[in-house]
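Asker: Input: one structure, supplied below.
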Amino acid sequence: MAKANPLQEQLLKAGLVKKSKVAEVAREQAKARHGKSGTAPSEIELEAQRVRAEKAERDRAIEAERKAAARVTELRAQARQIIRDKKVPRTGESEYRFTADGAIRTLLVNEDLRRKLASGALVIANGGDGYELLPRPAADKVRERDASLIVLDHGQEADVDVAVPTSEDDAYYAQFQVPDDLVW
């Protein structure tokens, strides 16, 4: 117990204060003398804490962006690996044309592969150095990881609405359907 001053001793003898209250006040006075009191932090310390908190928040945001970019890269690599592993060997001399990246591309296929492409059983995917044919299950796995690698998929339901004819000629030609497997 810290040493009480004479006034505290007199108040204690007179019965005006309790012994525990005297001890508590003595401890607080001792702390104040030794500089151990819980003084409020200065403005400089508050500013330093604020700067540290801002830096930590920026670091967390940068790390989250870095992790997201790494995840996208990882998923794209997985999709390319699936394309390499599951591609269907192309055989045949018949040309199958499709559009990709704003240009008309050509693959050589046989009649069986052409029918499977038209029905949606096969899908054309961008394999990086060329275009590859994939079976539907593998194409679904690629689409989950990176949908931009799927170039042509006739089995996927089209979100495009049928255009409303705007003139008499359009109305007339709307009755003629163009087949999906039209050879150019």
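The values are calculated or read from the model by the stated rules, or taken from the named source; none is laboratory data. Only a predicted model underlies this, so the values are computations on that prediction, with no experimental measurement involved. Backbone-built Cβ (ideal geometry, glycine too); neighbour counts: all protein chains shown. Keep in mind that these areas ignore ligands, DNA and RNA; they rest on the heavy atoms of the full protein, side chains included. Shrake-Rupley method; radii C 1.70, N 1.55, O 1.52, S 1.80 Å.
Asker: Which residue pairs have Cβ atoms closer than 9 Å, lie 6 or more positions apart in sequence or on different chains, and pair a first residue in segment 160-184 that is within 30 Å of D112 (Cβ to Cβ) and modelled with pLDDT of 60 or more with a second residue that is open to solvent by 100 Å² or more (accessible area, probe 1.4 Å) and not hydroxyl-bearing (S, T, Y)?
Answerer: D181/R115
Asker: Consider E54 against the criteria (1) loosely packed, with under 11 Cβ neighbours inside 10 Å; (2) within 23 Å of the chain's Cα centre (by Cα): it satisfies all of them except one. Which criterion is unmet?
Answerer: That leaves (2) as the condition not met.
Asker: Filter segment 68-102 for residues that are exposed (fewer than 10 other Cβ atoms within 10 Å of the Cβ) and either over 27 Å from the mean Cα position of the chain (by Cα) or modelled with pLDDT of 95 or more (or both) and give the result. Give the derivation first.
Answerer: Restricting attention to segment 68-102, the residues satisfying the condition of being exposed (fewer than 10 other Cβ atoms within 10 Å of the Cβ) are 85, 89, 93, 101-102.
P89, E93, G102 - these are the residues of segment 68-102 that are exposed (fewer than 10 other Cβ atoms within 10 Å of the Cβ) and either over 27 Å from the mean Cα position of the chain (by Cα) or modelled with pLDDT of 95 or more (or both).
Asker: Would you point out which residue out of V109, V51 is at pLDDT 90 or above and either touching an Asp or Glu at 6+ places or on another chain (Cβ under 9 Å) or within 30 Å of H154 (Cβ to Cβ) (or both)?
Answerer: Step by step, each of V109, V51 is checked, and only V109 is at pLDDT 90 or above and either touching an Asp or Glu at 6+ places or on another chain (Cβ under 9 Å) or within 30 Å of H154 (Cβ to Cβ) (or both).
Asker: Right, another one. State all residues of segment 103-126 that are crowded, with 18+ Cβ neighbours inside 10 Å and in a helix (DSSP H, G or I); if no residue qualifies, say none.
Answerer: L113, R114, K116, L117
Asker: For segment 127-150, name all the residues that are within 23 Å of the chain's Cα centre (by Cα) and open to solvent by 40 Å² or more (accessible area, probe 1.4 Å).
Answerer: G128, D140, K141, R143, E144, R145, A147, S148
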